[in-house]
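Please read the structure below before turning to the comments.
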Amino acid sequence: MTEQDAFAERIIETYDAIVLHPGNKGYSCDIFRKHVRFGSAAAGPPARVTYFATVAPEMCNGFGNLHGGCATTLIDNASSTLLLAMGGYFSLGGVSRSLNMTFLRPVPEGTEISINCELVHAGKRLALMRADIRRTDTDQVLVLGEHDKASTPMDVEAKL
């Protein structure tokens, strides 16, 4: 098995363990279970992962377009699976420090999209991922995201 194949397998295992696990409940898991499918992964550098989805009615706002909160959830979860698959300091996933979104164009219901994530940097304590959502038919960028995470080691106590 090549390094690329092993990395793609870790991404899929991470996705399955988090999103598809029956004990994990909530909006984001439901959206991923019903509508998001794995596309590809590359160990890099830079490490990348792509998922695909078709914008469904429950993902939309009152105007029939992908809701900004749903787009943010897609980028949050997709970029987190990339970081989790890297292992090491972020084997527990870490916590989001910031998640900056730029919505460039509406994404109508029924649109086939790709969710593309790239690891920009990962150190002992901090990691940064970039992501975008694109139309699969034209490759037009619809949404941009930048996800900054901090690692959360189990043996560290909070200090006030």
Practice item. Show the residue pairs that are 6+ apart or on different chains and have beta-carbon atoms under 7 Å apart, the first residue being within region 55-82 and charged (D, E, K, R), the second being at pLDDT 95 or above and crowded, with 19+ Cβ neighbours inside 10 Å. Key: Asp76/His147
Review point. What are the residue pairs meeting all of these: first residue in region 98-125, first residue on the phi > 0 side of the Ramachandran plot, second residue assigned to a loop (DSSP other than H, G, I, E, B), Cβ atoms under 8 Å, and 6 or more apart or on different chains?
Key: Gly110/Val55
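Does region 1-28 hold any residues that are of a type outside the set (A, V, I, L, M) and under 12 Å from the mean Cα position of the chain (by Cα), and which are they?
Step one: filter region 1-28 for residues of a type outside the set (A, V, I, L, M), giving 2-5, 7, 9-10, 13-16, 21-28.
Passing the criteria: Thr14, Tyr15, Ser28.
With the structure loaded, tell me whether Ile75 is of a type outside the set (Asp, Glu), crowded, with 18+ Cβ neighbours inside 10 Å and at pLDDT 95 or above or whether it fails that test. Break it down stepwise before answering.
On the way: of a type outside the set (Asp, Glu): yes; crowded, with 18+ Cβ neighbours inside 10 Å: yes; at pLDDT 95 or above: yes.
Yes.
Here is a yes/no grid of residues against (1) touching a Pro at 6+ places or on another chain (Cβ under 6 Å); (2) assigned to a strand (DSSP E or B); (3) within 21 Å of Ala8 (Cα to Cα):
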{"site": "Thr73", "(1), (2), (3)": "no, no, no"}
{"site": "Asp76", "(1), (2), (3)": "no, no, yes"}
{"site": "Arg97", "(1), (2), (3)": "no, yes, no"}
{"site": "Ile113", "(1), (2), (3)": "no, yes, yes"}
{"site": "Ala127", "(1), (2), (3)": "no, yes, yes"}
Practice item. Could you list, in sequence order, all residues of region 27-43 that are of a type outside the set (A, V, I, L, M), surrounded by 14 or more Cβ atoms within 10 Å (Cβ to Cβ) and either in contact with a strand residue (DSSP E or B) (Cβ under 7 Å, 6 or more places away or on another chain) or within 12 Å of Met86 (Cα to Cα) (or both)? Key: His35, Phe38, Gly39, Ser40
Review point. Of all the residues that make up region 99-111, how many are among the hydrophobic types (A, V, I, L, M, F, W, C), outside any strand (DSSP E or B) and surrounded by fewer than 20 Cβ atoms within 10 Å (Cβ to Cβ)?
Key: 1
Revision key, fill the gap. Exactly one of Val19, Val55, Val49 is aliphatic (A, V, I, L, M) and modelled with pLDDT under 80, and that residue is Val19
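Which ones in region 112-140 are small (Gly, Ala, Ser) and surrounded by fewer than 13 Cβ atoms within 10 Å (Cβ to Cβ)? Full working, then the answer.
Of the residues in region 112-140, the ones small (Gly, Ala, Ser) are 114, 122-123, 127, 131.
Listed by number, the list holds a single entry, Gly123.
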Exercise for review: Identify the single condition in (1) among the small types (Gly, Ala, Ser); (2) surrounded by fewer than 17 Cβ atoms within 10 Å (Cβ to Cβ); (3) under 14 Å from the mean Cα position of the chain (by Cα); (4) within 16 Å of Ala41 (Cα to Cα) that Gly87 does not satisfy, given that it satisfies every other one.
Suggested key: (3)
Revision key, fill the gap. Being over 12 Å from the mean Cα position of the chain (by Cα), more than 15 Å from Glu9 (Cα to Cα) and among the hydrophobic types (A, V, I, L, M, F, W, C) narrows Ala43, Ala56 down to just Ala56
Review point. Assuming Ala17 fulfils every condition listed in (1) of a type in the set (A, V, I, L, M); (2) touching a Phe, Trp or Tyr at 6+ places or on another chain (Cβ under 6 Å); (3) surrounded by fewer than 18 Cβ atoms within 10 Å (Cβ to Cβ) apart from one, which condition is it?
Key: (2)
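The values are calculated or read from the model by the stated rules, or taken from the named source; none is laboratory data. Values in this document were obtained by computation on a predicted structure and should not be read as measured data. Backbone-built Cβ (ideal geometry, glycine too); neighbour counts: all protein chains shown.
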